[in-house]
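Asks: Please read through the structure below; I'll follow up with questions.
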Amino acid sequence: MDNNLIPLTQWTKMNGLNPRYCRRKAARGGYKTAFKMGRDWVIDKNEKNVDLRVKSGKYKNWRNRK
């Protein structure tokens, strides 16, 4: 086993994330290095969490614009 691989739950604690959210994201293929080993998810400890949400306010009040 590679020394950089750690359980996904440990990785979420290191990054301050919700384990349930990260398991779902891993199952969708959201992390490059995450894979399932048996029944547990493992991930490279150097993997970065990329947040793809729009934070610029571009879509703020988009329903009211006409």
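Asks: Determine if segment 31-44 includes at least one residue that is at positive phi and out of contact with any Asp or Glu (no Cβ under 7 Å at 6 or more places or on another chain).
Replies: yes
Asks: Here's a follow-up. In segment 18-32, how many are in a loop (DSSP other than H, G, I, E, B) and buried (at least 16 other Cβ atoms within 10 Å of the Cβ)?
Replies: Selection size over segment 18-32: 1.
Asks: Have a look at N46, N15, N4 and point out the one that is surrounded by fewer than 10 Cβ atoms within 10 Å (Cβ to Cβ) and free of Cβ contacts under 8 Å to residues at least 60 places away in the same chain.
Replies: N46
Just so you know, all these numbers are worked out from the coordinates, no wet-lab data involved. Since we're looking at a predicted model, the values are computed, not measured. Here the Cβ is made from the backbone with ideal geometry for all residues, glycine too, and neighbour counts use every protein chain on show.
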